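Contents: one structure, followed by commentary.
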Amino acid sequence: MTSKAIPVVDFSDFENRFATIAEQVLDACKNIGFFHIVNYETPSISQVDRTFELSKDYFALSVDEKLACEQDTAKGKIEGYLGLYAQRLDPKIQKKGDYKESFDMETLTEGRNIKHFPKLFQENRKDLEEFSKGMHATALQVLELLAFALKLPPNEKTGANDWLSSTHEYETNGSTSVLRLLRYPSRKQGDEGEEYDQKKNVILAGQHTDYNIITLLFQTAPGLQVRASEDEWINVPVLKNSILANMGGMAEFFTNGLLKSAMHRVIDIPEQRNGKDRYSIGYFVYPESDTKITHMPSPLIPSKRPDFKEIPKGTVITTSAEYLKYRYRRSFLEKQSNHPEVDYNYI
Ligand SMILES: O=C(O)CCC(=O)C(=O)O
Ligand SMILES: [Fe+2]
């Protein structure tokens, strides 16, 4: 029996209902680490539609065109195309890897040179940038709500609840947010290369927790599941005009486990995608890389940090960049064999 559900948080009348919304967001983050946001301000419905349209056009290009801007993960790059099986999020179960393709872009700004990008993205940079800025603004609202609910000190000058958000500006030095377009191609059940868990679910993206602070997601079809407890997976419904938000591992680490970064994965539910590909758009928000966010002056945060299996015991970590060193890009084959010290069985 499923004991937990993903809460829905209503962002309407944001200023007046701020304290109520803040409590609901904190509650969701403490319990399951995922929540749907409805009645958010940005991005607009047409911006979301446009981004899905661009994503579909992009993935419809030939493999060669897509590979022309392949992500060089061996060099630590976090931008570009990744084809089927390029990522293997759950090495415990997966032999080959994730049955998905993606394109990651770091923060898009007017001054940025994206000449190495596919023409489609160069020509439509403005649309992608507007969408990203809309996603970012909503992510910052979540951080303001969390700062308030965690009783972090407001800004002395302005009174704003910017303790968290001030280190997550859209344009920063030395860090970035990532816009990720994803496609999970449809295929027939029983096709060659399918990988299953013990219960015969077809795994499209292996179970993992995100590495960042907060992720916002749009999806076209069901398939995403959140682990509520050992052996209990919740299907995440696709709610119209809603953003799915979840806490990344950094949020859990830096709050000593108060905010939960839930394990999630994508499985194939053929009867719910009607033969169509599944598309999703993730927006991953990171703090500035040198931000010292370990010691949050919140009376709600436990003083003792629990052990985190993904971080070697005794490691001193105070900044976002230090944390990422232990997490980032460990989901790729070459990194997995280069880092035998990492316990992949923690999941
Ligand atoms: O495609 C999805 O629904 C989830 C993707 C995801 O979890 C990720 O890229 O980290
Ligand atoms: Fe994820």
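The values are calculated or read from the model by the stated rules, or taken from the named source; none is laboratory data. Bear in mind the structure is a predicted one, so any value in this text is a computation, not a measurement. All Cβ positions, even for glycine, are placed from backbone atoms using ideal geometry, and neighbour counts span all protein chains on display.
Read through the list (1) closer than 21 Å to Lys126 by Cα; (2) buried (at least 20 other Cβ atoms within 10 Å of the Cβ), then give the number of the only condition that Tyr99 fails.
Here Tyr99 clears every test but (1).
Residues to consider are Ala19, Ala74; find the one that is among the small types (Gly, Ala, Ser) and at pLDDT below 95.
Ala74
Search segment 263-284 for residues that are within 19 Å of Val226 (Cβ to Cβ) and in contact (Cβ under 8 Å) with a residue 60 or more places away in the chain and pair each with any residue that is aromatic (Phe, Trp, Tyr) and within 16 Å of ligand 2 (Cβ to nearest atom) when their beta-carbon atoms are under 7 Å apart and the residues are at least 6 apart or on different chains.
Taking only residues 6 or more apart or on different chains, the pairs are Val266/Tyr184; Arg278/Tyr184; Ser280/Phe218; Ile281/Phe218.
Filter segment 69-85 down to residues that are within 22 Å of Asp57 (Cβ to Cβ) and either out of contact with any helix residue (DSSP H, G or I) (no Cβ under 8 Å at 6 or more places or on another chain) or more than 15 Å from ligand 2 (Cβ to nearest atom) (or both), then give me how many there are.
Of the residues in segment 69-85, 8 are within 22 Å of Asp57 (Cβ to Cβ) and either out of contact with any helix residue (DSSP H, G or I) (no Cβ under 8 Å at 6 or more places or on another chain) or more than 15 Å from ligand 2 (Cβ to nearest atom) (or both).
In segment 162-201, what residues are out of contact with any strand residue (DSSP E or B) (no Cβ under 9 Å at 6 or more places or on another chain) and hydrophobic (A, V, I, L, M, F, W, C)?
Trp163, Leu164, listed by residue number.
Filter segment 32-44 down to residues that are assigned to a strand (DSSP E or B) and touching a Phe, Trp or Tyr at 6+ places or on another chain (Cβ under 8 Å), then give me how many there are.
2
Could we say that Ile203 is under 13 Å from the mean Cα position of the chain (by Cα), away from ligand 1 (no atom under 12 Å from the Cβ) and either modelled with pLDDT of 95 or more or surrounded by 20 or more Cβ atoms within 10 Å (Cβ to Cβ) (or both) here?
For Ile203, the condition - under 13 Å from the mean Cα position of the chain (by Cα), away from ligand 1 (no atom under 12 Å from the Cβ) and either modelled with pLDDT of 95 or more or surrounded by 20 or more Cβ atoms within 10 Å (Cβ to Cβ) (or both) - is not met.
When both residues are 6+ apart or on different chains and their Cβ atoms are under 8 Å apart, which pairs have a first residue that lies in segment 26-50 and is farther than 25 Å from Phe254 by Cβ, and a second that is assigned to a strand (DSSP E or B) and hydrophobic (A, V, I, L, M, F, W, C)?
Partner pairs satisfying both residue conditions: Val38/Val8; Val38/Val9; Val48/Phe218; Val48/Ile281.
Residues that are under 30 Å from Thr319 (Cα atoms) and away from ligand 1 (no atom under 13 Å from the Cβ): which strands (runs of 3 or more DSSP E) entirely in segment 213-276 hold 1 or more of them?
Where strands (runs of 3 or more DSSP E) fall fully within segment 213-276 and carry at least 1 residues being under 30 Å from Thr319 (Cα atoms) and away from ligand 1 (no atom under 13 Å from the Cβ), they are 224-229.
The rows are residues; the columns are (1) in a helix (DSSP H, G or I); (2) out of contact with any Asp or Glu (no Cβ under 7 Å at 6 or more places or on another chain); (3) surrounded by 13 or more Cβ atoms within 10 Å (Cβ to Cβ).
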{"residue": "Lys4", "(1), (2), (3)": "no, yes, yes"}
{"residue": "Ser12", "(1), (2), (3)": "no, yes, no"}
{"residue": "Asn16", "(1), (2), (3)": "no, yes, no"}
{"residue": "Ile21", "(1), (2), (3)": "yes, yes, yes"}
{"residue": "Lys30", "(1), (2), (3)": "yes, yes, yes"}
{"residue": "Ser46", "(1), (2), (3)": "yes, yes, no"}
{"residue": "Phe52", "(1), (2), (3)": "yes, yes, yes"}
{"residue": "Ser55", "(1), (2), (3)": "yes, yes, yes"}
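Answer yes or no: is there a residue in segment 100-121 that is within 16 Å of ligand 1 (Cβ to nearest atom), within 16 Å of Arg183 (Cα to Cα) and among the small types (Gly, Ala, Ser).
Yes - at least one qualifying residue is present in segment 100-121.
Report whether or not His168 is at negative phi, of a type outside the set (A, V, I, L, M, F, W, C) and either without any contact (Cβ under 8 Å) to a residue 12 or more places away in the chain or within 16 Å of ligand 1 (Cβ to nearest atom) (or both).
Answer is no for this residue.
Enumerate the pairs (first residue in segment 75-92 and more than 19 Å from Arg265 (Cβ to Cβ) and assigned to a loop (DSSP other than H, G, I, E, B); second residue anywhere and β-branched (Val, Ile, Thr) and at pLDDT 85 or above) with beta-carbon separation below 8 Å, excluding pairs fewer than 6 apart on the same chain, so at least 6 apart or on different chains.
Short answer, once both residue conditions are applied: Ile78/Val178; Glu79/Val178; Gly83/Val63.
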